[in-house]
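Scroll down for the structure; my scribbles are underneath it.
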Amino acid sequence: METPPPKTEPTAPTDADVAALREQLGRPPRGLRAIAHRCPCGNPDVVETAPRLEDGTPFPTLYYLTCPRAASAIGTLEADGVMKEMTARLAEDPELAAAYRRAHEDYIERRDAIEVLEGFPSAGGMPDRVKCLHVLVGHSLAAGPGVNPLGDEAIAMLPEWWRKGPCVMPLGPPDPADGWQVHRSGGGGDRGWFAFEPLDRDAPATPEAPEGDAK
C-alpha cells in the first residue's frame, strides 16, 4: 500500500470492541489491556496484551494482531519467503540491524512498563531474525511509523485490508435474505449480533445459533 493506516491512540476496550475481538479471534480475548491500534474501518486490529495472562502464564507478545484480513495477507507474505529475505538482510546491513535492535529495545521497554518478564525475549524474532511478521506489523501499527523498520516494510507490502469494509460488523439482527450470513456472539441486545459477507454470495445463510450456543 502507498499510505499505511495512521497511528491511533490506545483506548480502553468497549463492550463492542470485546465482541468484535471475540468474533475476529474465534474466542474471547485473553489478557486484554487496551486497543493498541484501531483499523480505519473502526474495529480493533491490534490489542495490547498483559505480559501475564489471567492464569499467570507469561505472554511476551505485547501487541497482538487481531484482524483476520490483515493476518491472512501477512500469512501470504510469510509463505512467499519475506521473513527469510529480511533475516538475510539483517546479517548484511548494519544500519538495518541497528534499527531493528532499537525496535527490540522499544518493545521490551513498553512491555516492562507493565510488568517485567525476566528471561523472555521481545517477540517476532527480534533483535536478530524475523520469525513472525504478524508481531512486527502489530508493533508498527501500535507504535507508529519509524519504530520497527521491518514491520513498516511489511505493512507497505500489504493491501488496504479495510477497503472492503469491516471484517466483522456489530448490527441489529440483519436479514439473511440480503446475502449476509448471521450468527450470535453473545452479549445481549443488539450488541451480540455480527454479520459477515460470505465469499460466495450464493452460499446459504448460516442459521442463527440458539441462545446458549454462542461462540
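Annotation note: GluC sites (Glu not before Pro) in the stretch 1-77 located in DSSP loop regions with a Cβ neighbour count of at most 16 within 10 Å are Glu2, Glu54.
Were the residues from Asp93 through Met1 laid out at 0.36 nm apart, the gain over their Cα-Cα distance would be 30.7 nm.
Among 25-33, 122-130, the peptide with the highest mean count of other Cβ atoms within 10 Å heads the list, and the full ranking is 122-130, 25-33. For Leu53, the residues 5 or more places off, or on other chains, whose built amide H falls under 5 Å of its own are Phe59. For the stretch 1-60, what class follows from the C-alpha gyration tensor (a ≥ b ≥ c being the square roots of its eigenvalues): rounded when a/c is under 1.5, otherwise prolate if a/b is larger than b/c, else oblate? Taking the square roots of the gyration eigenvalues as a ≥ b ≥ c, the stretch 1-60 is prolate. Along the stretch 113-124 the Karplus relation, 6.51 cos²θ - 1.76 cosθ + 1.60 evaluated at θ = phi - 60°, assigns HN-Hα couplings of 5, 9, 6, 7, 10, 4, x, 9, x, 6, 5, x Hz to successive residues, with x for each Gly and Pro.
Taking amide H as placed 1.01 Å from N in the peptide plane, Met169 has its amide H under 5 Å from the amide H of Ala195, each at least 5 places away in sequence or on another chain. Once you have a ≥ b ≥ c as the square roots of the Cα gyration tensor eigenvalues for the stretch 15-157, tell me rounded if a/c is under 1.5, and otherwise prolate or oblate according to whether a/b is larger than b/c. It comes out oblate by the Cα gyration axes.
For His37, the shell of other residues with beta-carbons less than 10 Å away shows a net charge of -1, using +1 for Lys and Arg and -1 for Asp and Glu. For the stretch 81-94, putting each phi into the Karplus relation 6.51 cos²θ - 1.76 cosθ + 1.60 with θ = phi - 60° gives couplings of x, 5, 4, 4, 5, 5, 4, 5, 5, 4, 6, 9, 10, x Hz, in residue order, rounded to whole numbers and with x for Gly and Pro. Assuming a ≥ b ≥ c are the square roots of the Cα gyration tensor eigenvalues, decide whether the stretch 41-119 counts as rounded (a/c under 1.5), prolate (otherwise, with a/b larger than b/c) or oblate. Oblate shape, in that a/c is at least 1.5 and b/c is the bigger or equal ratio.
The gain in end-to-end length when the Ala12 to Ser72 segment is fully stretched comes to 19.0 nm, 0.36 nm per residue minus the alpha carbon separation.
Bear in mind that the values in this text are calculations on the coordinates, not laboratory data. Quick caveat, the model's predicted, so the values are computed rather than measured. Heads up, the Cβs are rebuilt from the backbone with ideal geometry, glycines too, and the neighbour counts pull from every protein chain shown.
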